[in-house]
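Everything on this sheet refers to the single structure shown next.
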Amino acid sequence: MNFKAISVAALLCLATPLYAQTADDAVEAYRAGNYALALEISRPLANSGDAVALNMMGILYENGLGVPADGFRAVSYYQAAADQDLPQALNNLADHYLDGWSGQDPRPDLAIPLMLRAEEMGYAGVYNNLGVSYFEGHFGTPDSRRAMEYFRRAHEAGYVDGTANVGWMYAHGEGVEENQAEARRFYALAHDNDGPLWALENLADMLREGEGGPVDQPQAVALYEEAAERGSSYGANWLGYYYDNGEGGLPVDHDRAVAYFQQAAEQGSTTGYYNLGSMYEGGRGVEADPDMARHYYQLASDQGDADATYELAVMYWHGDLGYSDEIEARRLMELAAERGAELAFGDLGLMLRNGVGGARDLLRAGEMFQRGLEENDSLAYVNLGEVISDPAHPGRDPVRGLALCLRAVEITSNEDRQVQYSRRCNRLSRALSPAQQAEARAMMGSL
């Protein structure tokens, strides 16, 4: 379970009734978005030890509102307020210990007593963090049912993170029977109450795919647009995809696709980098520029993206950058296959078979082509058939090789490929006796 699914965002609700009119003014300024005024009012009160003002100062420093973000100072303010048993500060401090901050390791052992104290004081705002803690096993063995109980309590108390997390639990069947309709309903409730961004993204996905209810592409697009406006690279990438391909009820508009991919890339999105690389490689919405394509593919590959690594390998192999570098192409293709890029297995198999960028290795080539068989890839059948028919293969089996090749002809629906595969099968067949050919045809049905 990742933190896109379970939010431990700090709960910013302040205690009521407020202890002083000036503190009330600070809260109102904060809620109105006037963070400079909230800071101006809160600072002297915090210096005098006012717990609510101390908590407000923690909020401002935690989120960089009116001041530079500073996790250490936020924790100091929360601690000072928590020392006075302000339940909101207890929860906010616990939140920091659950997540870790400014490079610090998470310390759920320090968060637990703070949360339990806030719960003991009747503070409903702590329920969501308690739910997260039960789900993640901070109290011992992970307990999804207990987590769901706390998320429901948070929802019923009006805390939107709890609402979103109830939706996530229904979507994944954690602590409750899976129910996509309920997941969609709770995500919609969270959205209607300005809930976390990840819940909005999940709701858009459900509307796009028709999970938990009918497909609603226009509403999905509207939600991705809202997400992108709120800084979601995920939403921006989906909008870019729609405009690039003319899907989701939107027209093909490569300029807008590039703009959305650029937005995602500027936020450090691996997918945004990859998509921009594709746009520069294909000259869609921008002038074709192999160097820029390589640049963005490299950024995505540096973040571990398998497909971007594969595209880089192909560029070096095919000379798309104005020169060919088979050594680098082989290294990158190995890496792409290691990372799971589906297209890399076949191409790496060809490199290993033909000794491109390194030593010839028919055994490993066969292993790579075998991966394609798992996807019922017709070309992989042909390639594997040729490899195991090669006299240099340690486990040479020309009968099975021909059977694999004939199987490829059978499973492809592309007429041009059928012709190409048949020619390659004929070459294999000529090396066999009529009896072996018959054996291969008989074997073909079992592959």
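The values are calculated or read from the model by the stated rules, or taken from the named source; none is laboratory data. Keep in mind that this is a model prediction, so the values were computed, not measured. FYI the Cβ positions are ideal-geometry reconstructions off the backbone, even for glycines, and counts take in every protein chain you see. Only protein heavy atoms, including side chains, enter the accessible area calculation; ligands, DNA and RNA are left aside. Shrake-Rupley method; radii C 1.70, N 1.55, O 1.52, S 1.80 Å.
How big is the Rg/Rh ratio for segment 230-357, C-alpha atoms only, Rh by Kirkwood, two decimals?
On the way: Rg = 15.2 Å, Rh = 14.9 Å.
Rounded to two decimals, Rg over Rh is 1.02.
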Per residue of segment 189-203, in order, report the coupling 6.51 cos²θ - 1.76 cosθ + 1.60 (Karplus, θ = phi - 60°) as ³J(HN,Hα) in whole Hz, putting x for Gly and Pro. 4, 4, 4, 5, 10, 6, x, x, 4, 4, 5, 4, 4, 5, 5
How big is the Kirkwood radius of the chain, worked out from every pair of different alpha carbons and given in Å to one decimal? 26.1 Å
Helix-derived [θ] at 222 nm for the chain: sum -39500 (n - 2.57) over DSSP H runs of at least 4, divide by residue count, nearest 500? -21500 deg cm²/dmol
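With only Lys, Arg, Asp and Glu charged, each at its Cβ (+1 for the first two, -1 for the last two), find how big the charge dipole of segment 108-178 is about the Cα centre; round to the nearest 20 debye.
On the way: 5 positive and 11 negative charges, 30 e Å.
I would put it at about 140 debye.
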Have a look at Met315, Gln298, Thr270 and report the one farthest towards the positive end of the charge dipole of segment 267-346, computed about the Cα centre with Cβ charges (Lys/Arg +1, Asp/Glu -1). Thr270
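Sorted by accessible area (1.4 Å probe), largest first, how do Val52, Val215 line up?
On the way: Val52 5, Val215 85 Å².
Ranking Val52, Val215 by accessible area, largest first, yields Val215, Val52.
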No solvent, one uniform scatterer per C-alpha: report log10 I(q)/I(0) for segment 188-237 via the Debye equation at q = 0.14, 0.15, 0.23, 0.32 1/Å, two decimals. -0.28, -0.32, -0.76, -1.26
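Can you give me the relative contact order of segment 290-352 as a percent, contacts being Cα pairs under 8 Å and 6 or more apart? Intermediate results must be reported in sequence, preceding the final value.
Numbers: 74 pairs, mean separation 17.9, N = 63.
Relative contact order comes out at 28 percent.
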On the first, second and third principal axes, largest extent first, how far apart are the outermost C-alpha atoms of segment 17-96 in Å? 27, 26, 19
Calculated P(r) tail over 15 Å for segment 107-159, as whole % of Cα pairs: 40 percent
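Can you give me the convex hull volume of the Cα atoms of segment 261-310, divided per residue and expressed in Å³? Before the final figure, lay out each step's value.
Details: hull volume 2.8 nm³, N = 50.
Output value, Cα hull per residue: 57 Å³.
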Which GluC sites (Glu not before Pro) does segment 258-321 hold that lie in a coil by DSSP with at most 13 other beta carbons within 10 Å? Glu287
Can you compute the FRET efficiency between Glu375 and Arg441 using 1/(1 + (r/R0)^6), with r the Cβ-Cβ distance and R0 = 22 Å? Round to the nearest 0.05. 0.35
Built amide H within the under 5 Å cut-off of Gly355, gap 5+: Asp361
Residue-level accessible surface for His191, protein heavy atoms, 1.4 Å, Å²: 50 Å²
Could you work out how far the C-alpha centroid of segment 113-139 sits from that of segment 378-432, in angstrom? 62 Å
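Please give the contour-minus-distance gain from Gln303 to Arg430: 0.36 nm per residue of separation, less the Cα-Cα distance, rounded to one decimal in nm. Working shown, then result.
Numbers: separation 127, 0.36 × 127 = 45.72 nm, distance 4.83 nm.
Between Gln303 and Arg430, full extension yields an extra 40.9 nm.
Between rounded, prolate and oblate, where does segment 285-394 land on the alpha carbon gyration tensor, with a ≥ b ≥ c its root eigenvalues, rounded for a/c under 1.5, else prolate if a/b exceeds b/c?
Values: a/c = 2.33, a/b = 1.82, b/c = 1.28.
Note, shape of segment 285-394 comes out prolate.
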Report, to one decimal in Å, the Kirkwood hydrodynamic radius for segment 76-232 based on all distinct Cα pairs. 16.4 Å
At q = 0.15, 0.18, 0.21, 0.25 Å⁻¹, what is the base-10 log of I(q)/I(0) for segment 190-286 according to the Debye formula with one equal point scatterer per Cα and no solvent? Please give it to two decimals. -0.55, -0.77, -0.99, -1.24
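Could you tell me the calculated FRET efficiency between Glu120 and Ile411, based on Cβ-Cβ distance and R0 = 56 angstrom, to the nearest 0.05? If you can, show how the numbers build up before the last one.
Details: r = 66 Å, r/R0 = 1.17.
Efficiency, rounded to the nearest 0.05: 0.30.
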Taking the Cα-to-Cβ direction at Ala259 and at Thr22 and moving 7 Å from each Cα, how far apart do the two end points lie in nm? 4.8 nm
Name the trypsin sites (Lys or Arg not before Pro) in segment 355-400 that are in a loop by DSSP and that have at most 15 other C-beta atoms within 10 Å, would you? Arg360, Arg396
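At a 1.4 Å probe, what is the % contribution of carbon and sulfur to the accessible area of the chain? Mind dumping the intermediate values first?
Details: 9370 of 20390 Å².
Roughly 46 percent, rounded to a whole number.
Run through segment 323-412 and list the chymotrypsin sites (Phe, Trp or Tyr not before Pro) located in a DSSP loop whose Cβ has at most 13 other Cβ atoms within 10 Å.
On the way: sites: Tyr323, Phe345, Phe369, Tyr381; in loops: Tyr323.
Here the chymotrypsin sites (Phe, Trp or Tyr not before Pro) that fit, given the DSSP loop and packing criteria, are Tyr323.
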Answer in debye to the nearest 20: the dipole magnitude of the chain about its Cα centre, from +1 Lys/Arg and -1 Asp/Glu charges placed on Cβ, is 1500 debye
Let me understand segment 355-447 better: what is its radius of gyration from the alpha carbons, and its Dmax, in angstrom? 12.7, 39
Listed by chain and number, the residues whose amide H is under 5 Å from that of Leu432, excluding neighbours fewer than 5 places away on the same chain and using placed H, are none
Can you find, among Leu116, Ala51, Tyr77, the residue sitting farthest towards the positive end of the charge dipole of segment 49-148, where Lys and Arg contribute +1 and Asp and Glu -1 at Cβ? Leu116
For segment 334-339, Karplus-derived ³J(HN,Hα) couplings (6.51, -1.76, 1.60; θ = phi - 60°; whole Hz; x for glycine and proline) come out as 4, 5, 4, 5, 4, 7
Karplus ³J(HN,Hα) for segment 281-290 (6.51 cos²θ - 1.76 cosθ + 1.60, θ = phi - 60°; Hz, whole; x = Gly/Pro) runs 5, x, x, 9, x, 9, 5, 4, 8, x
